[in-house]
Every structure is written in structure tokens, then in C-alpha cells.
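Worksheet: the structure to be examined is printed underneath.
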Amino acid sequence: MDASHQHDRPPMTGVRARIADAAIRVIARDGFDVVSIRTVAKEAGIVHGTVQYWFPTRDSLLVGALWRFAQRQEQRVERVLAALPDPTPLADRLLAALRELLPIDPPRREEAAFWVAMSSAASTRPSLAAPYLAELAMLREAIRAGLELVVASGQASIRATPEQGAYLLSALINGLMIDGLNAPEEDLPRLEESLAIGVHIVLGVVFPA
């Protein structure tokens, strides 16, 4: 994982995190064009000037929301991995971590809606392109590192290079995020099944029937 980029992120705690969480909610619920310092202040229940103190411009607010999005996911993955029994096969640990990115409950659906909106916005706004691509690169690097651990352990024989596998799995996750946003409740288990199949294919492991 690109630790230097992580260190560039300011600490997302306290009021800063509260504001960024409000921005994520506004974007996920109302769309990218609605978000502003004023709408986020209203959502967070704080005065306009407080938002502007932490995030002087709309662009800095959007980048802060992106950093907070990534932080939330990383913290959730860390909690899930810490709760797994020891020993858990490394392939299962990788799958458990990636599962936390799927939109299969309200908090993760909110995050998926935010990520999809930011992906679209970054394609036309240079100020968002670099931080968006940096977060995507960090996701791929984390997956690549996970794949390398599995291969080094001898628990699987990967069918591609770790770099290729990371690109494939990040693309699968992004696609499942989009599909899952509008999926009915009864279809959500298929997102998890599809991810599991993808991970098993990349690792060259037979998917359990």
C-alpha cells in the first residue's frame, strides 16, 4: 500500500470527520452537484463557518470526503480481519477484506454511491482526478499485496501476476458496486457470491459448490 499517500491525508477525526461524513451522505443521497459548503453544514448540523474553517473550498471538501471514505473502509476492514479466528487461510482473509467494499448494507451502499459519483466527477474535474486515482491505486496495491501473501504461503497458485489479479479484482469490485446500488434486497447475496468466484478464479482455487 502507498504509505506516502496515506501520510498525506490529514487526520480525519472529530469535527473534520463529522463534516466529511456529512459530505458523503449528501453526495450519496442527493448527487454530486448538490454538495456545497452550505449544504454540508446543514447536513452536519453546524454553522457554515465551521465547515469553511476545516475545508476552505468546495474542492477541498470533496477531497476530504474522499479521504474519509477511504479511511472508513480501511478501519472496517481492519476490524473484520482482527475478528477472524486464527488461523484463517490467507485466501479467506483476502475475501473477507474485499467483501467489506460491497454495497450489501446501508452504510456500504452509501459508500458505494459516493464512490460511483466521485468516479464520474473525477473524469471531468482535474482537481478530483489525482486524489481519486491515488485512492484507486491504493486499493489495487492492497489487493496486490494480499495476493502476494497468498502465493508466498503456498496456499494457492495464482493464474495471473499479482498486479494483473489486483486490476481484475478492483474492476470486479467497482462493477459490483454499480450493480449493487440498484439491486433488490434478494439479489445482494449474489454480489458476495460473484466476488468469491472472482477471487477463487484469480487464485486458481476451486470454488466450493
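Within the set of pairs 6 or more residues apart or between chains, which connect a residue that is free of Cβ contacts under 8 Å to residues at least 24 places away in the same chain inside the stretch 51-68 to a residue that is open to solvent by 30 Å² or more (accessible area, probe 1.4 Å) with Cβ atoms less than 7 Å apart?
Close Cβ pairs (under 7 Å, with a partner that is open to solvent by 30 Å² or more (accessible area, probe 1.4 Å)) amount to R58/S36.
Looking at (1) under 21 Å from T88 (Cβ atoms); (2) out of contact with any helix residue (DSSP H, G or I) (no Cβ under 7 Å at 6 or more places or on another chain); (3) not in a loop (DSSP other than H, G, I, E, B), can you tell me which one L195 breaks?
Looking at each condition in turn, L195 falls short on (2).
Report the residue count in the stretch 42-56 for those that are within 24 Å of S119 (Cα to Cα) and open to solvent by less than 40 Å² (accessible area, probe 1.4 Å).
Total satisfying the criteria: 3.
Can you tell me which residue in the stretch 96-106 is farthest from N182 (Cα to Cα), limited to those that are of a type outside the set (A, V, I, L, M, F, W, C) and open to solvent by 20 Å² or more (accessible area, probe 1.4 Å)?
The selected residue is R99.
Given the residues L188, L172, L168, L181, which is the only one that is without any contact (Cβ under 8 Å) to a residue 40 or more places away in the chain, within 19 Å of R108 (Cα to Cα) and not acidic (D, E)?
L172
If a residue must be closer than 15 Å to L94 by Cα, surrounded by fewer than 16 Cβ atoms within 10 Å (Cβ to Cβ) and modelled with pLDDT of 80 or more, how many such residues does the stretch 150-162 contain?
Matching residues across the stretch 150-162 total 3.
Tell me which of these T39 doesn't satisfy, since it passes every other one: (1) open to solvent by less than 40 Å² (accessible area, probe 1.4 Å); (2) part of a helix (DSSP H, G or I); (3) modelled with pLDDT of 95 or more; (4) not small (G, A, S).
For T39, the exception is condition (1).
Could you pull out the residue among A137, A171 that is within 21 Å of S123 (Cβ to Cβ), of a type in the set (A, V, I, L, M, F, W, C) and exposed (fewer than 15 other Cβ atoms within 10 Å of the Cβ)? Spell out how you get there, then give the answer.
Numbers: A137 fails: exposed (fewer than 15 other Cβ atoms within 10 Å of the Cβ).
Just a single option satisfies the conditions, and that option is A171.
Of the residues R72, R93, R109, R76, which single one is open to solvent by 30 Å² or more (accessible area, probe 1.4 Å), in contact with an Asp or Glu (Cβ under 6 Å, 6 or more places away or on another chain) and not hydrophobic (A, V, I, L, M, F, W, C)?
Exactly one residue qualifies, and that residue is R76.
Quick check on R125: is it open to solvent by 40 Å² or more (accessible area, probe 1.4 Å), modelled with pLDDT under 95 and in contact with a Gly (Cβ under 8 Å, 6 or more places away or on another chain)?
No; evaluated as a whole, the condition is false for this residue.
The values are calculated or read from the model by the stated rules, or taken from the named source; none is laboratory data. Because the structure is predicted, anything quoted here is derived from the model rather than measured. Don't worry about glycine lacking a Cβ; one is built from the backbone with ideal geometry, like all the others, and counts go over all protein chains shown. Keep in mind that these areas ignore ligands, DNA and RNA; they rest on the heavy atoms of the full protein, side chains included. Shrake-Rupley method; radii C 1.70, N 1.55, O 1.52, S 1.80 Å.
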